[in-house]
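Take a look at the structure below.
The values are calculated or read from the model by the stated rules, or taken from the named source; none is laboratory data. All values reported here derive from a predicted model rather than from experimental measurement. Neighbour counts run over all protein chains shown; Cβ positions are idealised from the backbone, glycine included. For accessibility, only protein heavy atoms count, side chains too; no ligands or nucleic acids. Shrake-Rupley method; radii C 1.70, N 1.55, O 1.52, S 1.80 Å.
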Amino acid sequence: MRESMSSKDRVMVFTEDLKNAIHLTEASEEDLSLVSEMIKKFNQQHQGLRFGAFVFGPVVMRMYYYLNQPDAALAALQAKEMEGFFDQMASYQIAMSLLYKNEKYQEVLDVFELLQEKRIGGIRYPKNCFTIAVATLYKLNTQESLTKVLKLFEHAEEYGMFINRRLIIFAAALALKQNHPHIALELLSKSTVTHISVCSIKVMALCEQDQVEVALPLLRSLIQIDLPNTSKPEKSFRILSEAVLAAETALEKTGKKDLIAEFERIKKSLQENNNISDKKLDMIVLEPIEVFKKQEFRKQDKATLAASFYGKHQRRESASYHSHRRQGLADLE
């Protein structure tokens, strides 16, 4: 391919040529330059012939991700000669993930704005790319980034998008970092309190607003939840130690002995039940979504199967349903 691309004769780049080059390339300037020239040539050849053609965009972006080449990925997205080549949601998601991983936060936001302008598939706020953009604004941790998050939420809700818990936690934690506890509390009113991040941020925000007495019933409610999880002991954590410390410090300032005594009882119960995590809020907020693994069911003996009160037909339908159901991001939030 190097010889062909350097030739003065008119050269065609075929699908298999580009596939092979993508999978063989290494993180060298020579290889990346060759693939880039091949993509430009291939894209030029196939203008107006998109239907039925092999979709290379996500494959090329995975190549850049695997080789950890964020600058090359960004240049490819912005190149006029590659217009239309990366018009797939997956291509932008991979590119944004790569830029985020390399802490190129402004570039992540630039790519997201480009994606919004393109509206691939008529979607202005694609869920996964939107999450990466909000995570990026959280990492920037500035007043401007908080303002931008709130505006994005407002526009997305007007557009009809559901703001999920993951996004709310990013925004609320950012508001808390930027000393706006009232904004954090307003955001958290849209999410359930039982999640460890939501509960911890809410307690810390209330303490910053000198409303520790309001935080006490919230802490008390945690010891009343009965959700045992023997398979994952870490899932028993319901609040962060820094939130407990914030409540303790705020209560000491009040000097109210009855409230302090009640807090000590709650704290002791939380400690005994292993409900307090020593992880920092930043670590919990940025925790990646776990990869879903299918449960491995043990083979039951014939006697157990025979004792089942389900009919044979019902059991087959149930097994079929569960084997084909694939868990999505919404289930993992």
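Which order, highest average first, do 14-23, 192-201 follow once you tally other Cβ atoms within 10 Å for each residue and take the mean per peptide?
192-201, 14-23
What's the magnitude of the charge dipole for segment 67-158 around its Cα centre, counting Lys and Arg as +1 and Asp and Glu as -1 at the beta-carbon? Answer in Debye, nearest 20.
200
Filter the cross-link list K177/K268; K104/K280; K151/K177 down to pairs whose alpha-carbon distance in this structure exceeds 26 Å.
With Cα atoms farther than 26 Å apart: K177/K268.
Report in % the part of the accessible area of segment 97-145 that belongs to carbon and sulfur, leaving out ligands and nucleic acids; probe 1.4 Å.
Percent of accessible area from carbon and sulfur atoms in segment 97-145: 45.
Determine the per residue accessible area of segment 1-109 with all protein chains present and a 1.4 angstrom probe, expressed in square angstrom.
58
Can you give the accessible area per residue of segment 126-275, in Å², using a 1.4 Å probe?
Details: 7460 Å² over 150 residues.
Per residue, segment 126-275 has an accessible area of 50 Å².
Amide H of L240 versus every other amide H placed in the peptide plane: which residues, excluding those fewer than 5 positions away on the same chain, fall under 5 Å?
Amide H neighbours of L240: S200, S277.
Cα to Cα, under 18 Å, and not fewer than 8 places away if on the same chain: which aspartates and glutamates meet these conditions relative to K101?
Cross-link targets: D71, D110, D282, E287, E290.
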